[in-house]
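Working notes for the structure below.
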Amino acid sequence: MTTVVSKRDQVTFGEIADHYHSNKLLFGMKYFKNWILEQLASSIPVPSWRAKLHRMRGVNLGENVYVGYNVLFDRIHPELITVGDYAEIGDRCILSAHSRGSLTTRQAYPRTMAPINIGRGVCLNPGCIITQGVEIGENSIIGIGSVVNRDISPNSLALGYPARVVKKLEGVGELKT
């Protein structure tokens, strides 16, 4: 006999439901609602609508934030992600505020969560991955495909895997309209 929900899903849903002091069914409905909003946001043509849909999921987005196509904000803990005003998140970026091991490695590598803070005016170029607990200072630029697993100071250009500051930016921060 096959089960509709795997053992892994049962354990994970139970773990997350406990974290949010909710039952599995209510958490499952919230997750499904957020999944639908994420799917809509991934392909809707108007950037401000994409931002609005991600806000409805719980992502803390400032004013005038650009969100590209197929951006993945943490699916389970979107409320742990904050993006400052005038920031730009390029296509196919991933911002993950949690990590965890498999069912067999949970004791050695338990679920952890930590907020992600993206400062005002930050530009995440396409394909960046931002991991839990990272803060990117205002007016910084993260190069295409970079993996940010540590804090980046304000007014910096950071590139690579892992991302490292390669240049301090001068004369940034003024809003040109």
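The values are calculated or read from the model by the stated rules, or taken from the named source; none is laboratory data. Since we're looking at a predicted model, the values are computed, not measured. All Cβ positions, even for glycine, are placed from backbone atoms using ideal geometry, and neighbour counts span all protein chains on display. Heavy atoms of the whole protein, side chains included, go into the accessibility calculation; ligands, DNA and RNA do not. Shrake-Rupley method; radii C 1.70, N 1.55, O 1.52, S 1.80 Å.
The table for this structure:
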{"item": "Loop-resident sites, region 128-177, for trypsin sites (Lys or Arg not before Pro), counting at most 11 other Cβ within 10 Å (DSSP)", "result": "K176"}
{"item": "Distance in nm between pseudo-label sites at M29 and A108 (7 Å out along the Cβ direction from Cα)", "result": "4.0"}
{"item": "Cα convex hull of region 13-113 - mean projected area over all directions, nm²", "result": "6.6"}
{"item": "Centroid-to-centroid separation of region 38-81 and region 1-23 [C-alpha atoms, Å]", "result": "25"}
{"item": "Of all DSSP beta bridges in region 62-177, antiparallel share, percent nearest 5", "result": "25"}
{"item": "Other-chain or far-sequence residues with amide H under 5 Å of I116's (modelled H)", "result": "I81, T82, G133"}
{"item": "Rotationally averaged projected area of region 37-91 (alpha carbon convex hull; nm²)", "result": "3.0"}
{"item": "By average C-beta atoms within 10 angstrom, highest first, the peptides 68-77, 46-55", "result": "68-77, 46-55"}
{"item": "Fraction of accessible area attributable to carbon and sulfur, the chain (%, probe 1.4 Å)", "result": "58"}
{"item": "Per residue Cα convex hull volume in Å³ - calculated over the chain", "result": "126"}
{"item": "Cleavage-rule hits, GluC sites (Glu not before Pro), region 1-102, DSSP coil, Cβ neighbours within 10 Å at most 12", "result": "E63"}
{"item": "Only Lys, Arg (+1) and Asp, Glu (-1) charged, at Cβ; region 97-177 dipole about Cα centre in debye", "result": "300"}
{"item": "Residue-by-residue Karplus 3J(HN,Hα) for region 16-29, coefficients 6.51, -1.76, 1.60, Hz, glycine and proline x", "result": "6, 4, 4, 4, 8, 6, 10, 8, 4, 5, 5, 4, x, 5"}
{"item": "Accessible area per residue, Å², the chain with all protein chains present, probe 1.4 Å", "result": "56"}
{"item": "Summed side-chain charge close to M113 - residues other than M113 whose Cβ falls under 12 Å, Lys, Arg +1, Asp, Glu -1", "result": "-1"}
{"item": "Cut-off under 5 Å, modelled amide H: who pairs with R164 long-range", "result": "L159"}
{"item": "Sequence ranges 151-162, 133-144, 22-33, ranked by mean other-Cβ count within 10 angstrom, highest first", "result": "133-144, 151-162, 22-33"}
